[in-house]
Structures are given as C-alpha cells and as structure tokens.
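Engineer: Sharing a structure with you now.
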Amino acid sequence: MNIDCKTDAAVDALVAGLRRCNALDRVCVGAFSDSRIARLRSTLGEALCTALGPRETALLRYGRPRRAAGNAAQVPVRQGPLHVTTPAFVERAHALGIAVHVWTIDEPVEIQRLLDLGVDGVMTDKPYVLREVFEARGVWH
C-alpha cells in the first residue's frame, strides 16, 4: 500500500497510525517534501519503506545518482516538457537498488509500455485496467 503524506500536520498522525497497526513493513510512504520524508525516516527508522524526496529524485533524473535513503522513485512519465520515466532513469534507479513506481497511468497501452520499460509499480485511478493488463501478461495472482 502506498501512502502520500500530504502535509506536515499529518506526520504525527501517520506515525501513530503506522505504529498502532504495526504496518511499517506493509506500506511505502511518499511526500512532495524532502523535510517531511526526512522526518518520517528519522522517526520510524529504516524499517519504513519511503519514496525518494524531490531532491533525491532530481539527482537521479539528471544523471547524478547516489544511493538515496528511499526505496522507490515515485514519478510521473513526464513533468511538463521533461520526460522523467526514461530508459536511462529506470536503469540508474535499478543500479542503485531503487524501485520505480509511475503515476498516474490509466491507459492500457501506456501501462504495457512502462512495464516493458522495466518499471516496478504503476499507480492508477483505474485498477480494473491494470488488472486486465496483468491478466493478459499472465502475471495477475
């Protein structure tokens, strides 16, 4: 399960909820804030799966990768005119042991293309479309 921590005010409640449910090993937490991600990591430790923060993602995208604290780069296919999810990006991430999760993909052809590119996860508003693609590929369990 992926959780996007949208505001600084949500951090304490998220931490409490994850601890109460003993869910650290069942979620990946992302945020569009380096400081928020850092706070979650420092509070919950290495057991928490996190997405890269914006700065870590930018370093990876621009070819200056370093081993980041995060477990997954959660990115769009493109940001404005900039292509983010490229073969080189996926290769750099994987070389560092970082999974690539792409959002928000609702078209079956695009899901197929991204899976062929080697992405590790697809976020969608249409899970039934994702399931159909996975079933056609023989990977739905």
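Values in this text are rule-based calculations from the coordinates and carry no lab data. Owing to the predicted nature of the structure, the values given are computational and were not obtained by experimental measurement. Ideal geometry is used to build each Cβ from the backbone, glycine not excepted, and the neighbour counts take in all protein chains shown.
Engineer: In the set (1) -0.85, -1.04; (2) -0.77, -1.11; (3) -0.51, -0.98, which value of log10 I(q)/I(0) by the Debye sum over Cα atoms at q = 0.12, 0.17 Å⁻¹ was calculated from the structure you see?
Structural biologist: (3)
Engineer: Equivalent-ellipsoid semi-axes (√(5λ), Cα gyration tensor) for region 1-50, whole Å, largest first? Present the calculation step by step, with values, prior to reporting the outcome.
Structural biologist: Details: eigenvalues 45, 24, 21 Å².
Listed largest to smallest, the semi-axes of region 1-50 are 15, 11, 10 Å.
Engineer: Among all cysteines in the chain, which have no other cysteine Cβ under 4.7 Å from their own Cβ?
Structural biologist: Singleton cysteines: 5, 21.
Engineer: Modelled label-to-label distance, residue 128 and residue 69, 7 Å Cα→beta-carbon offset: nm?
Structural biologist: 4.1
Engineer: Per the helix-only calculation at 222 nm, which mean residue ellipticity applies to the chain, given -39500 (n - 2.57) for every DSSP H run of n ≥ 4 and division by its residues, nearest 500 deg cm²/dmol?
Structural biologist: Numbers: 6 runs with 59 residues, N = 141.
Rounded to the nearest 500, it is -12000 deg cm²/dmol.
Engineer: Have a look at the DSSP beta bridges in the chain and tell me what percent are antiparallel, nearest 5. Write down the numbers at each step before the final one.
Structural biologist: Values: 2 of 15 bridges.
Once the DSSP bridges in the chain are tallied, antiparallel ones form about 15 percent.
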